[in-house]
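Everything below concerns the one structure shown next.
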Amino acid sequence: MNKLIFNTLTDEEIIDKITRENKNELYELIYDRYFAKVRDKCYSFFKNKTQAEEFANDILSKVYEKLDGFKSKSSFSSWLYSISYNAIIDFLRKKKQLHYPTWNQENELPEIIDESDANISELSYDNLLLILDLIHPEEKALLLMKYQDSLSLKDIGASLAISDDAVKMRLKRARSRVVYLYFEKFGND
């Protein structure tokens, strides 16, 4: 197989060739395109390079097995990232026994915080990364899906099996929690 010929194809075209023409060897191109991105997403939650690499391999294997389920309603990358975040959250829920509604009640914000008052663009990136590690993995995943991966509310909702309104509410709560914790920990720095 001459990968150079196929390397110019879009993800969706490659998936189509895999699923319709049984060109399974082309999945290597998808794997090569996305392994590092999926690994980095895993690392941002696990903070362990070996575990992140193993988990990324597992995710990409599962994605290969589910390729027939990709219906091109969103981009392949959005579909892949949704699967990735779901796998990460499910793993962390089981490992740490983190049930979001219970965790949210136990970590209730002291007052309603209007995150729109904070100039998020002026926050220190490194400090912001520290704060993201303090919030619940579901809130972190929501924020990353929305602001890093630019997934739509519909895609986020489908990924987490919640309504669009629940996505909006949880995003607002997650932003508020990040702003609150940031200024509690770092002040106006």
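The values are calculated or read from the model by the stated rules, or taken from the named source; none is laboratory data. Values in this document were obtained by computation on a predicted structure and should not be read as measured data. Please note: Cβ atoms are built from the backbone with ideal geometry, for glycine as well, and neighbour counts cover all protein chains shown.
Table: residues versus (1) surrounded by 13 or more Cβ atoms within 10 Å (Cβ to Cβ); (2) at positive phi; (3) at pLDDT 90 or above; (4) more than 18 Å from the chain's Cα centre (by Cα).
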site	(1), (2), (3), (4)
PRO101	no, no, no, yes
SER150	no, yes, no, no
SER159	yes, no, no, no
VAL167	yes, no, yes, no
ALA174	yes, no, no, no
Every listed condition ((1) surrounded by fewer than 20 Cβ atoms within 10 Å (Cβ to Cβ); (2) modelled with pLDDT of 80 or more; (3) closer than 17 Å to PHE46 by Cβ) holds for LYS94 save (2)
Residues of region 25-64 being within 23 Å of LEU134 (Cα to Cα), surrounded by fewer than 16 Cβ atoms within 10 Å (Cβ to Cβ) and hydroxyl-bearing (Ser, Thr, Tyr), in sequence order, are THR50
The residue that is farthest from the chain's Cα centre (by Cα), considering only those in region 1-24 that are in a helix (DSSP H, G or I), surrounded by fewer than 18 Cβ atoms within 10 Å (Cβ to Cβ) and β-branched (Val, Ile, Thr), is ILE5
